[in-house]
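Worksheet: the structure to be examined is printed underneath.
Just so it is clear, none of the values below were taken in a lab; they were calculated from the coordinates. Because the structure is predicted, anything quoted here is derived from the model rather than measured. Cβ sites come from the backbone with ideal geometry, for glycine too, and all protein chains shown count toward neighbours.
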Amino acid sequence: MRNCEFRDLGRMAWSEAFALQQELVAGRKAGTIPDQFLVVEHPHVITLGRNAREENILAAPEVLERAGIAVEVADRGGDVTYHGPGQLVGYPILDLKEWKRDVGAYVRAIEQMLIDTLATFGFAGERIAGMTGVWTGGKKVAAIGVHLSRWVTSHGFALNIDTDLSYFRYIVPCGLTKPVTSLRDLGCGASRAEVLSALIDAFARAFDCEVLEPLTMETR
């Protein structure tokens with residue numbers, strides 16, 4: 001079974017987390033580190049994927065600035081999305097040559113991991129044909145946007161735990177007019193730690209790996 005190092009970054013600016021991803025992607029391509037699984041919570045930020053349409057940001061720059069929302073351009077797939085407090089954002093950095101050389105299978109595995117996590121708390125997550133992400137009751141609870149370079153993944157997913165959903169009014173999430181929801185909005189009182197524990201178990205099953213705490217430089 002392959003090993004995957006896990007690290008919880010806590011609250012971190014999107015740009016700082018992106019720089020760390022790039023550093024770890026380089027290490028994974030060089031074979032100097034094993035697979036990685038990062039989780040993080042970002043301050044308010046709107047990110048634009050490679051297929052983003054500017055009209056899907058519904059507020060003027062000065063309005064976003066007053067609301068404390070940064071805007072960043074990402075190299076992931078997808079359109080416009082929002083990250084903020086109360087989300088569990090995951091960035092798997094995996095070499096798919098050691099799993100499956102199949103982008104579609106990778107995205108489906110992330111969806112399954114999120115569906116299994118929701119099931120832990122009694123909610124039925126689902127896929128909707130032609131729409132990436134995970135839904136429940138017709139509302140989107142998790143967004144997915146990934147990037148691959150030489151089969152090494154970056155970016156990933158955002159699961160709404162107790163996110164302030166009012167911030168989604170500033171965008172058309174992922175270019176879709178469908179509503180969004182969160183675990184808290186669904187009536188789930190699970191803490192971030194409880195959701196993260198379920199997510200790690202589901203990740204290990206989805207990618208057939210053992211999730212480890214990161215090694216220190218002294219023990220590498």
Bridge type composition, segment 2-214 - antiparallel percent by DSSP, nearest 5: 65 percent
Segment 93-112 versus segment 120-135: alpha-carbon centroid distance in Å: 18 Å
Sum of side-chain charges, Asp95 neighbourhood, beta-carbon under 15 Å (Lys, Arg +1; Asp, Glu -1): +2
Gyration tensor verdict on segment 1-145 (Cα atoms; rounded if a/c is under 1.5, prolate if a/b is larger than b/c, oblate otherwise): oblate
5 angstrom amide H check on Ala70, placed H, neighbours 5+ away: Val45, Ile46
Cβ-Cβ FRET estimate between Ala129 and Arg53, R0 fixed at 22 Å, reported to 0.05: 0.50
Amide proton proximity set for Phe6, modelled H, under 5 Å, gap of 5+: Phe37, Leu212, Glu213
5 angstrom amide H check on Gly78, placed H, neighbours 5+ away: Arg50, Asn51
Kirkwood-based shape ratio for segment 87-183, expressed as Rg/Rh from alpha carbons: 0.97
Pair Ala26, Arg192: separation of 7 Å Cα→Cβ label points (nm): 2.9 nm
Net +/- balance of residues flanking Thr163 in space, Cβ distance below 12 Å, scoring K and R +1, D and E -1: -1
Whole-number percent relative contact order across segment 2-214, with pairs defined as alpha carbons under 8 Å at least 6 apart: 26 percent
Segment 2-214: Lys pairs at Cα distance under 22 angstrom, eight or more positions apart or on different chains: 4
